Amino acid sequence: MSNAKFKIGNLSGKGLIIAVGACIVATAAAGLYSYNKISDKLNAEIIGSNKDTFSADGESDNDTPANAAQTDISKSAETTVSKAEPAEDAAVVTEAEKSKENDIQQQAMVRPLNGEVINAFSDGELVKSKTLNVWKTHDGVDIAGALDEKVKSMTSGTVTKVYEDQMLGACVVIDHGNGLEGYYCNLSKDIPIAKGQNVSAGTVIGAVGNTAEGEISEAPHLHFAVKKNGEWIDPIALISGEGS
């Protein structure tokens, strides 16, 4: 009798284990089912949200493509770099040159020496030299003056050369600008200025001498000559405003 009871209790213990296992399986199955339902619902909501945001071709309805042309930019915001036209540059240079030329022409020109002109500018014509006894052009003017009388610069400029010429003696060359070069010759050898020095109209650049071997037979004088763009011109006509 006791053996029968033991077997029945034994079977009851196994049944309990089976029942508990069944409950666990049922609970897991229910949890898995609930998880799948919730997951399906979330996916459906996400897909519905994406359909509202994207068009059928997969591109966003609200976003503008990165490489799309933008047409709403104001033209006033555009920055342009202006370049000077060559013609305008040339015009500016021309105006600057004209201004410089006008400034030079408006400067008061000083006669280097206030003596009488004893030999005039020959303007390319041959004249007979008293000293050399030959016919030659006289490319400047000879202005009489006392020995050591001060010689002045015709107008402002820069000394470009101080030298001694075999025929014209001690000389000073001044660049007066605008293509004008002044040659002051037959000076005494004591020249108070040097190459590179800037001078003004009336600046003393030397004194009358007797250093010009080619004009030694003449009375003491200044040999004064002027070039305009490389061509000899009449210095007296320039100073008086009658020539250029």
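Overview of values
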{"item": "Within the stretch 164-191, backbone nitrogen closer than 19 Å to the virtual label 7 Å beyond the Cα of residue 240 toward Cβ", "result": "none"}
{"item": "Dipole of the stretch 109-240, positive end: most advanced residue of 200, 154, 112 [Cβ charges, Cα centre]", "result": "200"}
{"item": "Fewest-first ranking of 232, 135, using other Cβ atoms within 10 Å as the exposure measure", "result": "135, 232"}
{"item": "Residues 152, 128 arranged by fewest to most Cβ contacts within 10 Å", "result": "128, 152"}
{"item": "Whole-Å distance, taken between Cα centres, linking the stretch 179-235 and the stretch 112-134", "result": "14"}
{"item": "Neighbour-count ranking [beta-carbon atoms within 10 angstrom, fewest first] of 167, 154, 109", "result": "167, 109, 154"}
{"item": "Cα→Cβ-extended label distance, 7 Å offset, between residue 165 and residue 131, nm", "result": "1.0"}
{"item": "Rounded D (µm²/s) - the stretch 109-240, Kirkwood Rh over Cα pairs, Stokes-Einstein at 37 °C, 0.692 mPa s", "result": "228"}
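Every number in this text was worked out from the coordinates using simple rules, so none of it is lab data. The structure presented is a predicted model; accordingly, all values stated were derived computationally and were not measured. Cβ: placed from backbone, ideal geometry, glycine included. Neighbour counts: every protein chain shown.
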